[in-house]
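Beneath this line is the structure, given in structure tokens, with notes to follow.
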Amino acid sequence: MDSSAVLFNQLKAAHPFFLLAGPNVIESEDHIFRMAKHIKAITSKFGLPLVFKSSFDKANRTSSKSFRGPGLEEGLKILEKVKIAYDLPIVTDVHESLQCEAVGRVADIIQIPAFLCRQTDLLVAAAKTGKIINIKKGQFCAPSVMVNSAEKVRLAGNPNVMVCERGTMFGYNDLIVDPRNFEWVREANCPIVADVTHSLQQPAGKKLEGGGVASGGLRELIPCIARTAVAVGVDGIFMEVHDDPLKAPVDGPTQWPLRHLEELLEELVAIATVSKGKQQFKIDLTPFDEEY
């Protein structure tokens, strides 16, 4: 069994859930190493399987002036170093088909951004790396769409696919999380991940001094969405974490403070452990017998 299949099976069997976590974007090698060290130490206390996350390039920023990261070549070098140093699997995202081969040589999970979840060529190119593919559900998509997206990966010869719920557009500058989607996306017949940070973005909802807009967010509701997700019984949690969110160059309003990660995970593990969310409730519609 190859390494991707082994990791995929480990994540599927994780109890009560696995965690994809890290800073939104690579800011520096030193920062990535610090974050990996602290996040691994915290998740190890709870026995949670951790896949470390960060992006080498944020290609879909609201503004062309936004920080994007170090780029493909330098970013992958940093991710490979942290992978070896802390013995951690890595998840990072791709935006173009031509990036997949290089990313697949470093990353254990290739993430498909929500805006690109239906792009067949990208899904196929990612699938052909043999790595686990995590597909973010588009903010504009019904959960049923993800059945087709996951199938594109499988038809390309890769059975190691996951689907991630990350909110649904609600008007122009807001997202909502419909808990029903955690159940409906199970139709994709694969592990289900809840992105509890991006799902609280307010896209282009923050006006900047001097003109222009940036994405805002509702960080204070991250525990609310995370509690809901683990109670419903998702297989994994995706969470962006930062040691200084107010100074984060990208998506600061929706990154969870590192200082509160242990406290939140402790609560989520407790909820998930007592929940029966992963078991389908059997509803009996036969007439009620008062003598029963």
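The values are calculated or read from the model by the stated rules, or taken from the named source; none is laboratory data. Bear in mind that the values here come from a model prediction, so they are computed numbers and not experimental data. Here the Cβ positions follow ideal geometry from the backbone for every residue, glycine too, while neighbour counts run over all protein chains shown. Please note that ligands, DNA and RNA were not included when accessible areas were found on the heavy atoms of the full protein model with its side chains. Shrake-Rupley method; radii C 1.70, N 1.55, O 1.52, S 1.80 Å.
A straight Cα-to-Cα reach below 12 Å connects residue 45 with the aspartates and glutamates 262, 263, 266, residues fewer than 8 places away in its own chain not being considered. Element breakdown for segment 130-273 at a 1.4 angstrom probe: carbon and sulfur atoms account for 54% of the accessible area.
Think of it as helices only: each DSSP H run of n ≥ 4 in the chain is worth -39500 (n - 2.57), and spread over all residues that comes to -10000 deg cm²/dmol at 222 nm.
Pairs of Cα atoms nearer than 8 Å and 6+ residues apart set the relative contact order; for the chain it is 17 percent. The distance linking segment 30-55 with segment 87-124 is 20 Å (Cα centroid to Cα centroid, whole angstrom). Compute the Cα gyration tensor for segment 1-132, then decide on rounded, prolate or oblate, letting a ≥ b ≥ c be the square roots of its eigenvalues: rounded whenever a/c is under 1.5, prolate when a/b is larger than b/c in the other cases, and oblate in all that remain. It is oblate, given that a/c is not under 1.5 and a/b is not larger than b/c. Compared with the dominant Cα axis of the chain, that is its longest principal axis, helix 261-274 is turned about 20°. Of the residues 31, 38, ranked by 1.4 Å probe accessible area with the largest first, the sequence reads 38, 31. Rolling a 1.4 Å probe over the protein heavy atoms gives segment 142-292 an accessible area of 54 Å² per residue. Counting only alpha carbon atoms, the long axis of helix 3-12 and the longest principal axis of the chain meet at about 50°. For the listed residue pairs 77/128; 53/282; 131/282, the alpha carbons are over 26 angstrom apart in 53/282; 131/282. Charged side chains reduced to their Cβ positions (Lys and Arg at +1, Asp and Glu at -1) give the chain a dipole of some 580 debye around its Cα centre. Here the Karplus relation 6.51 cos²θ - 1.76 cosθ + 1.60, evaluated at θ = phi - 60°, turns the backbone of segment 127-132 into coupling constants of 4, 5, 6, x, 7, 5 Hz, with x for every Gly and Pro.
The long axis of helix 29-46 is offset from the longest Cα principal axis of the chain by roughly 20 degrees.
Each peptide in 120-132, 238-250 was scored by the mean count of other Cβ atoms within 10 Å over its residues; highest first, the order is 120-132, 238-250.
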